[in-house]
Amino acid sequence: MNLPPRPAGEARRALLTLHSRIETFWDRVVRVLGDAVGCRPGCDACCDQVLHLRPVEAAYLWEGTRELPRAAREMVRSNLDAGPSGCPLLHGGICLSYGHRPVVCRTHGLLLLRREAGRAVLHHCPENFQGLAGADVPGTLVLEEERLTLLADAVDGLYRRETGWPQGRIPLGRMLRQGFGP
């Protein structure tokens, strides 16, 4: 596996726009629901997933990760050597590449509307929105997962056309191992 090239041009602008829209959405959720939102620096309840990233997100995350100070890169290598006990970019409850994190990390914790077996189901991190029922939350604060997926896939498609990147999703750990070498 080669490392995906840095996103540039229209794909980069589209990715950063998507990230900005997610951050604006989060800001609105926090403004309206306040203390019901449990996501805070140091909360890493969602960081135990094995991630397979869209190429555009892998490239952007790798861009931020390779710019880390040497000590932080050594922490990532050490986490990779320790095995699959969480995200290798996590240290002390904080993401070392927080500004370059993928969409799944940016949206984890939000109220997500999913379609499961033909039914609409509301999902969110159990650390968030405690004491609130779905009916207590305005629909404007619920993110439609299918729509988000379509937007992220469109950005990835643009990236693939611009770069000629042929491969599918990229396992985070594998990318970091290859990028940082032995």
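Things worth noting here:
- Among (1) buried (at least 18 other Cβ atoms within 10 Å of the Cβ); (2) closer than 20 Å to Glu127 by Cα; (3) touching a strand residue (DSSP E or B) at 6+ places or on another chain (Cβ under 9 Å), the one test that Arg106 misses: (3)
- Scope the range 31-58; condition in a helix (DSSP H, G or I) and surrounded by 13 or more Cβ atoms within 10 Å (Cβ to Cβ); matching residues: Val32, Leu33, Ala36, Pro55, Val56, Glu57, Ala58
- Subset of the range 132-182 (residues that are β-branched (Val, Ile, Thr), within 18 Å of Pro102 (Cβ to Cβ) and under 19 Å from the mean Cα position of the chain (by Cα)): Thr149, Val155, Ile170
- Exactly one residue out of Ala14, Ala58 is among the hydrophobic types (A, V, I, L, M, F, W, C), in contact with a Pro (Cβ under 7 Å, 6 or more places away or on another chain), within 30 Å of Arg160 (Cβ to Cβ) and at pLDDT 95 or above: that is Ala58.
- Counting only helices (runs of 4 or more DSSP H) that sit completely within the range 68-168, those holding 3 or more residues that are at pLDDT 90 or above and farther than 21 Å from Ala45 by Cα correspond to 70-82, 145-163.
- Within the range 5-30, considering residues that are under 23 Å from Asp136 (Cα atoms) and in contact with a helix residue (DSSP H, G or I) (Cβ under 6 Å, 6 or more places away or on another chain), the one surrounded by the most Cβ atoms within 10 Å (Cβ to Cβ): Val29
- Every residue from the range 13-59 that is without any contact (Cβ under 8 Å) to a residue 40 or more places away in the chain and farther than 22 Å from Gly131 by Cβ: Arg13, Leu16, Thr17, Ser20, Arg21, Thr24, Asp48
The values are calculated or read from the model by the stated rules, or taken from the named source; none is laboratory data. Just so it is clear, the structure is predicted and the values come from calculations on it, not from any experiment. Neighbour counts run over all protein chains shown; Cβ positions are idealised from the backbone, glycine included.
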